[in-house]
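Take a look at the structure below.
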Amino acid sequence: MKSFFTIAFLLCSIICFAQNATIKGKISTSDGKPAEFVNVQLNGTHKGTSTNEAGEYRIERIKSGVFTIKVSLLGLETKEQQIEVKAGQTLIVDFTLAENANQLQEVVVMSNTNKFSQKETDYVARLPLKNLENPQVYTVIPKELLEEQVVTSINNALTNAVGAAPINYPAGGFAITSRGFSTGINARNGMETTASRSSVEIGNVERIEVIKGPSGTLFGSAISSFGGVVNLVTKKPFETFRGDISYTLGSYGLNRLTADINTPVNKEKTALFRVNTVVNRQYGFLDQGHNNTFLIAPSFSYQVNNRFRILADIEFLSIDQTRSIYTRVNTPSGYTNPAEFPIDYKKNLFNDDVNAETFASKYYLEANYKISNNWTSSTLFSFVTESVKHSYQNYLTWLSPVLVARNILVYGPIYNNYTNFQQNFTGNLNTGSINHKILAGVNYRYYSGSFNYSLVNNNGFIDTVNVTKAFKPLTKAQTDQAIASRGGMVPFEISDQTTSSAYVSDVVGLSDKLSAMLSLRIDNFNYAGITSTPQYSQTAFAPKLGVVYQVLKDKVSVFGNYMSGFQNQGPISQPTGEQFVAKPVYAVQSEGGIKTELLDKAEYHIKLL
């Protein structure tokens, strides 16, 4: 920790040789609408940019002097204005184009030798940083790649993440192994989601971000693992009408219907609506088994004024599926490889009605307010509930070369409820010649739930079968009868949990090519307590430091980082009967490397006359 703050102090003490200035502003059409994709150039320099969707632009690190700033767009009259820039100044220069929004309509054609290489994201650092400016390693899987591959499941989608190995849990959840640690699909637009038992449907996913390494500083312990974070970015409404309906046929009886409808609600296009829905029906490769999924995900955004925007979206996901079979092998069986089993690999020893029925509903609300030209407030709220009606989990144990034991554990009803509130402030400020991109936020999380499960008989098996003789798959009725005979379903105590966190991050621009990220999180976890485990509380600190130097501007950068993560630990019973409250388990990572984006991009603007 001491070395961390020493490095931070040295980096923040670097003094640049010249006082640089910033020019920013907004370009509007004659009817007051923002003009996007307008080129802004500072004549006589290599400095330039283009306006974003809000018509805003920003040019940084400008030496003092007199310049001519030029704005242009293909097919439109060019405008120029002479300006004087002083050291350390932030100069605001706005323009109004003679054309209105309708006259300004255009088609933007992007040429990229790798159309799947998309790294732009505001979620990884919770700041608008480009990949080459970010000291953390991450992979972005865009919708274009998912569509090209005709991906229908999260399992297949995440095979595109470098170094990710899939994990299928018998409870129905899905995760990946990243850098040696299990990492769940726990984040949705930077907020908590749940996939422990209801799995994930990608019909409402715009892109998937796989962040590598301990990420407790920005994401806490509930969302991240020591291996990283998997963040799902959902589809959001936009200003034009579009409808897309597709039907997919595939192996094992796959029938998948998807629909994506987007439309403005009013003439001003301040109210926008979008809905995505999926109906998926499929059998497994076994002769018994299925996966039936239904998703509907409406979203609505409203631009209250030029400063305030609200986004609300909901997901309802219903899944009826058979779980993965877990097979164990006892030593007397003599088997060392599944290929040795004396049974057709497509033969299922469990009936199709031994299934799991789960339902998840997710409610999200986001409010963005532009406090000033430099500062923005983002308020986020989510409520996620996961309900398991019942979940039959199947286990086989080979006792001998021909004898196999069958067992089914039954879980449910199960309820998991997650409430999250998050408040973020992001902005830019200059201290002399040094630019700061700042994030400051707080997060509150509350979890509650209930859990029921079946007891197991003395030998742990429902029955045994000789696979060389005729047998029938084990049915739901047989399982229910066996469960009832051994005591039925019993409740399992679950404690309420709350987490309160505060975090801050400062990306310090020391020069046009050199930047440093300094971040810290303070996290307090409170466990309300149950009969067997008393109440306890833990506080964790998670620092983060990163340095990036762009050897070739926007082409090649070298980086180094120090990142940390943590996981809360429950009390440990001592021989004396006392409870020892342990500290959180920490993980730290030091990493360095090179990032490159050498593939050229070209952008063409075609005027619609």
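Pull up all non-local amide H partners of ASN373: gap of 5 or more, or a different chain, and H-to-H distance under 5 Å with H placed in the peptide plane.
none
Report the residues of the stretch 49-65 in range of a label on SER30: point 7 Å along Cα→C-beta, backbone N strictly under 20 Å from it.
Hits in the stretch 49-65 for SER30 at 20 Å: 55.
Compute the FRET efficiency between TYR415 and ILE572 as 1/(1 + (r/R0)^6), taking r as their Cβ-Cβ distance and R0 = 25 Å, and round to the nearest 0.05.
Given R0 = 25 Å and the Cβ-Cβ separation, E is 0.35.
What are the ³J(HN,Hα) couplings of the stretch 435-448, residue after residue, when phi is run through the Karplus curve with 6.51, -1.76, 1.60 and θ = phi - 60°? Round to Hz, x for glycine and proline.
My calculation for the stretch 435-448 gives 9, 10, 9, 10, 10, 9, x, 10, 9, 10, 10, 10, 10, 9 Hz in order.
Given a Förster radius of 51 Å and the C-beta distance between PHE383 and LYS63 as r, what FRET efficiency does 1/(1 + (r/R0)^6) yield to the nearest 0.05?
Computed FRET efficiency for PHE383 and LYS63: 0.50.
If I model a spin label at ASP244 and VAL558 as a point 7 Å from the Cα along the Cα→Cβ vector, what separation in nanometres do I get?
Going from the ASP244 label point to the VAL558 one covers 4.1 nm.
Rounded to the nearest Å, what's the spacing between the alpha carbon centres of the stretch 263-311 and the stretch 497-557? Just the number, please.
A separation of 32 Å, based on Cα centres.
Evaluate the distance, in nm, between pseudo-label points positioned 7 Å from the Cα of SER361 and of ALA470 along their respective Cα→Cβ axes.
Inter-label distance under the simple model: 4.9 nm.
Karplus couplings for the stretch 384-397 from phi (6.51 cos²θ - 1.76 cosθ + 1.60, θ = phi - 60°), rounded to Hz, Gly and Pro as x?
Per-residue couplings from phi come out as 10, 10, 10, 10, 10, 5, 7, 9, 9, 10, 9, 9, 10, 10 Hz.
For the stretch 395-513, what relative contact order do you get, as a whole percent, if you take Cα pairs closer than 8 Å and at least 6 residues apart?
Once normalised by length, the contact order is 34 percent.
If only Cα atoms are counted, what is the Rg of the chain, and what is its Dmax, in Å?
28.0, 93
Calculate, for SER532 and LYS583, the FRET efficiency according to 1/(1 + (r/R0)^6) with r their C-beta to C-beta distance and R0 22 Å; round to the nearest 0.05.
Efficiency for this residue pair is about 0.55.
Given points 7 Å out from each Cα along the Cα-Cβ axis, report the PHE308 to GLN89 separation in nanometres with one decimal.
If labels sit at PHE308 and GLN89, their model points lie 3.5 nm apart.
With the radius of gyration and the Kirkwood radius both derived from the Cα set of the stretch 235-286, what is their ratio Rg to Rh?
1.22
Run down the aspartates and glutamates and flag those whose C-alpha is under 19 Å from the C-alpha of LYS513, throwing out any fewer than 8 positions away in its chain.
List returned: GLU60, GLU120, GLU133, ASP554, GLU597.
How would you classify the stretch 35-83 from its alpha-carbon gyration tensor, with a ≥ b ≥ c the square roots of the eigenvalues: rounded for a/c under 1.5, else prolate if a/b is greater than b/c, otherwise oblate? Walk me through the numbers on the way to the answer.
Working: a/c = 2.36, a/b = 1.43, b/c = 1.65.
Taking the square roots of the gyration eigenvalues as a ≥ b ≥ c, the stretch 35-83 is oblate.
Once neighbouring chains are kept in place and the probe is 1.4 Å, which whole percent of the accessible area of the chain is contributed by carbon and sulfur?
56
Skip the ligands, DNA and RNA, and give the accessible area per residue of the chain with a 1.4 Å probe, whole Å².
Values: 28800 Å² over 609 residues.
Accessible area per residue: 47 Å².
Give me, ordered by chain and number, the residues 5 or more places off ASN348 or on other chains with an amide H under 5 Å from its own placed amide H.
So ASN348 has HN proximity to ASP287, GLN288.
Do you know the relative contact order of the chain, to the nearest whole percent, from alpha carbon pairs under 8 angstrom that are 6+ apart?
Numbers: 1552 pairs, mean separation 69.7, N = 609.
The value is 11 percent.
Note down the accessible area of ILE296, probe 1.4 Å, to the nearest 10 Å².
About 60 Å², ignoring ligands and nucleic acids.
Determine how large the accessible area of MET563 is when every protein chain is in place; take a 1.4 Å probe and give Å² rounded to the nearest 10.
0
Residue by residue through the stretch 350-360, which ³J(HN,Hα) values in whole Hz follow from phi under the Karplus form 6.51 cos²θ - 1.76 cosθ + 1.60 (θ = phi - 60°), with glycine and proline marked x?
10, 6, 5, 7, 7, 10, 9, 10, 10, 9, 10
The values are calculated or read from the model by the stated rules, or taken from the named source; none is laboratory data. Note that the structure is predicted; figures quoted are calculated from it, not measured. As a convention, Cβ positions derive from the backbone with ideal geometry for all residues, glycine included, and neighbour counts pool all protein chains shown. Just the protein is used for accessible areas: all its heavy atoms, side chains included, with ligands, DNA and RNA removed. Shrake-Rupley method; radii C 1.70, N 1.55, O 1.52, S 1.80 Å.
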